[in-house]
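Report on the following structure.
The values are calculated or read from the model by the stated rules, or taken from the named source; none is laboratory data. Remember, it's a predicted structure, so these values are computed and weren't measured experimentally. Backbone-built Cβ (ideal geometry, glycine too); neighbour counts: all protein chains shown.
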Amino acid sequence: MKKNSHKLENEVKNVKILITYHSDTGNTEKVGKAMKEALDEEGQDVTAIHAKDVDASSLKSYDLVVIGSSILGSQLGKHAKALLTKVELPPKIAFFYTCQQDRAYPKAFGRAAKKIEKEGTSKVMGEFHCIGDALGMEGALKEKMLGSMNPEQRKEAEQHFEDIKGRPNAEDLAKAKEFAKSLIK
Ligand SMILES: Cc1cc2nc3c(=O)[nH]c(=O)nc-3n(C[C@H](O)[C@H](O)[C@H](O)COP(=O)(O)O)c2cc1C
């Protein structure tokens, strides 16, 4: 009897989780995969997959969906956006993003979060973000950005691009794992 109730407790704790992300150069994917690793370690049933490969109509079949994106021109990537538009959402939802600037983009998922909370159909569990190396900005895009700056600004920006090389780093990924674990506590 005691054995059975213990088993039932474990079954209730095991939730079905989807981690899905728009990621062009792999930074956001790295964060999503670290989150999966953390939740796997907790014995959860976790799928981590690029948002372009997700069937939007399947989202409602999970207990928790964690949607991630890179920030592109201050906005979410199109595949993350698509999952927040006219899609039936699961009971629990959380967000994450990576961006090259050392600042938050509260509006990126903020609008969707507000709408979800207002509708009251899903609970927004939280948001995580960290810096991601500007891998996709090499070449013309970076030059265009730097070209519009005065020499002092340019020096600072070039230093910043150096400083964020390799991000997300081990520390960022450890924080992402902690965030993921907090979602099931
Ligand atoms: C076209 C383009 C636009 C970007 N716009 C921004 C931006 O507005 N703000 C920012 O902080 N980072 C910006 N970034 C940097 C990315 O958000 C950052 O490198 C991110 O970690 C990339 O994630 P991914 O590898 O998962 O695609 C931009 C990158 C590209 C390629």
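Inspect the stretch 152-160 for any residue being within 13 Å of the ligand (Cβ to nearest atom), surrounded by 12 or more Cβ atoms within 10 Å (Cβ to Cβ) and not assigned by TED's automatic domain parsing to the domain that holds residue 91 and give the result as yes or no. Yes.
When 165, 142 are checked against the criterion of being within 16 Å of the ligand (Cβ to nearest atom) and in a helix (DSSP H, G or I), a single residue qualifies: 142. Here residue 90 passes the criteria (1) of a type outside the set (Asp, Glu); (2) under 18 Å from residue 79 (Cα atoms); (3) more than 16 Å from the ligand (Cβ to nearest atom); (4) assigned to a strand (DSSP E or B) except the one numbered (4).
Of all the criteria given as (1) at pLDDT 95 or above; (2) closer than 20 Å to residue 183 by Cβ; (3) assigned to a loop (DSSP other than H, G, I, E, B); (4) not aromatic (Phe, Trp, Tyr), the one not satisfied by residue 126 is (3). Selection over the stretch 29-64 of residues that are among the polar types (S, T, N, Q) and in contact with a helix residue (DSSP H, G or I) (Cβ under 9 Å, 6 or more places away or on another chain) gives a count of 2.
For the stretch 9-32, a tally of residues being out of contact with any Leu (no Cβ under 9 Å at 6 or more places or on another chain), at pLDDT 95 or above and not aromatic (Phe, Trp, Tyr) returns 4. Residues of the stretch 135-143 include at least one that is free of Cβ contacts under 8 Å to residues at least 24 places away in the same chain and in contact with a helix residue (DSSP H, G or I) (Cβ under 8 Å, 6 or more places away or on another chain).
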